[in-house]
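Trainee: Submitted below is the structure of interest, expressed as structure tokens.
The values are calculated or read from the model by the stated rules, or taken from the named source; none is laboratory data. From a predicted model like this one, the values you see are computed outputs, not experimental measurements. Positions of Cβ are backbone-derived with ideal geometry, glycine not excepted, and every protein chain shown enters the neighbour counts.
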Amino acid sequence: MEVDELILSMKKKSRVTCVKTDYFHGFMNEKSKNYDPMGVISYTKKLKCLLDAK
């Protein structure tokens, strides 16, 4: 899957926000080999800001 193509496609949808991260797939899943606690903190804050802005 080409992430940049997916993001461009999703930008055409209403009420959808896509963000490309520096983290690997599964970084917010504690059971994933790619789990990253700093990524969780960072993107939880970003998600909260996105939700609060709506």
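Trainee: Look at Ser14 and say whether it is in a loop (DSSP other than H, G, I, E, B) and among the small types (Gly, Ala, Ser).
Mentor: The answer is yes for Ser14.
Trainee: Is there any pair with a first residue in the range 1-18 that is modelled with pLDDT under 90 and a second that is β-branched (Val, Ile, Thr) whose Cβ atoms are under 7 Å apart and which are 6 or more apart or on different chains, and what are they?
Mentor: Cβ pairs passing all conditions: Cys18/Ile7.
Trainee: Just to verify a result, which residue in the range 24-54, among those that are of a type in the set (A, V, I, L, M) and either under 23 Å from Leu6 (Cα atoms) or in contact with a Gly (Cβ under 6 Å, 6 or more places away or on another chain) (or both), is modelled with the lowest pLDDT?
Mentor: Applying the filter and picking the extreme gives Leu50.
Trainee: Output the number of residues of the range 33-43 satisfying the condition of being without any contact (Cβ under 8 Å) to a residue 12 or more places away in the chain and out of contact with any His (no Cβ under 8 Å at 6 or more places or on another chain).
Mentor: Total satisfying the criteria: 6.
Trainee: What is the one condition in (1) surrounded by 12 or more Cβ atoms within 10 Å (Cβ to Cβ); (2) at pLDDT 95 or above that Thr21 does not satisfy?
Mentor: (2)
Trainee: Can you report the number of residues in the range 24-45 which are of a type in the set (Lys, Arg) and surrounded by 12 or more Cβ atoms within 10 Å (Cβ to Cβ)?
Mentor: Residues meeting the conditions: 0.
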